[in-house]
Amino acid sequence: MSRYTPILGTLVYVLDPNEETVLLVHRTARTDDEQFGKWNGLGGKVNADEGIVASARRELYEEALIEPTDMRLRGTVSWPGFGPNGEDWFGFVFLVTSWQGDVPMANEEGTLHWVPLAKVLDAASADPETRLSSGLDFYEGDRHFLPMVFDAEPTAFHGVMPYANGRPVSWTFDR
């Protein structure tokens, strides 16, 4: 078995003050982006000189010009084989319910949108064809963990979602 040396990343979902809409990026700025066309939360790679929370805060500021005042770790996901060349990823998934700043219309990755939470959950849980018709093309595997990001369960989830040929092959988690 090969050694597991994942790329560490953060994935942050921001709720509006009424907790009715979620801030998402629609990755349309660069056609060479491996996530081109996808809808996702904010975040990115963890730098070698920073902790996980510091990385999430930095990414939020870089991508949306906001600073979280209430940010909770909702879970972690191990994505073996997720990268475009089969790289392993390990993500720390956060939920932000309070923040300061003014969100711009776009960033260097694409446009930023406040999307109704119900639409996000419906689209993320749908089959690929329905997901595309909803206008929200999430990663296929997001349907497994996105509901847990927003649920009322206080315990974090910790999952494993191996990928092969660009698609998730299984999902297991503990709470």
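The values are calculated or read from the model by the stated rules, or taken from the named source; none is laboratory data. A quick note: this is a predicted structure, and the numbers were derived from the prediction, not measured. In this analysis, Cβ positions are derived from the backbone assuming ideal geometry, glycine residues included, and neighbour counts consider all displayed protein chains. Heavy atoms of the whole protein, side chains included, go into the accessibility calculation; ligands, DNA and RNA do not. Shrake-Rupley method; radii C 1.70, N 1.55, O 1.52, S 1.80 Å.
In segment 1-58, the residue that is farthest from the chain's Cα centre (by Cα) out of those that are among the aromatic types (Phe, Trp, Tyr) and part of a strand (DSSP E or B) is TRP39.
Within segment 122-145, which residues are closer than 20 Å to THR76 by Cβ and modelled with pLDDT under 95?
Once the filter is applied, which keeps residues that are closer than 20 Å to THR76 by Cβ and modelled with pLDDT under 95, segment 122-145 yields ALA124, PHE138, TYR139, GLU140, GLY141, ASP142, ARG143, HIS144.
One residue stands out in segment 58-72 among those that are charged (D, E, K, R) and within 21 Å of ARG27 (Cβ to Cβ): the one that is most open to solvent (accessible area, probe 1.4 Å), namely GLU62.
For GLY75, the conditions (1) assigned to a strand (DSSP E or B); (2) open to solvent by 20 Å² or more (accessible area, probe 1.4 Å) all hold with the exception of (2). Screening the candidates SER98, SER125 for the property of being among the hydroxyl-bearing types (Ser, Thr, Tyr), closer than 27 Å to THR155 by Cα, over 16 Å from the mean Cα position of the chain (by Cα) and surrounded by fewer than 16 Cβ atoms within 10 Å (Cβ to Cβ) yields one hit, SER98.
Taken over segment 1-18, the criterion of being farther than 21 Å from SER78 by Cα, exposed (fewer than 11 other Cβ atoms within 10 Å of the Cβ) and in contact (Cβ under 8 Å) with a residue 12 or more places away in the chain is satisfied by PRO17 alone. Whether any residue in segment 41-48 is within 19 Å of PRO80 (Cβ to Cβ), buried (at least 21 other Cβ atoms within 10 Å of the Cβ) and out of contact with any helix residue (DSSP H, G or I) (no Cβ under 8 Å at 6 or more places or on another chain) is what I want to check. The answer is no, given that none of the residues of segment 41-48 is within 19 Å of PRO80 (Cβ to Cβ), buried (at least 21 other Cβ atoms within 10 Å of the Cβ) and out of contact with any helix residue (DSSP H, G or I) (no Cβ under 8 Å at 6 or more places or on another chain).
For segment 50-57, the criterion of being charged (D, E, K, R), at pLDDT 95 or above and over 23 Å from ALA106 (Cβ atoms) is met by at least one residue.
Checking the condition in contact with a helix residue (DSSP H, G or I) (Cβ under 8 Å, 6 or more places away or on another chain) and farther than 19 Å from GLY37 by Cα, which residue from PHE145, PHE94 passes? On inspection, the qualifying residue turns out to be PHE94.
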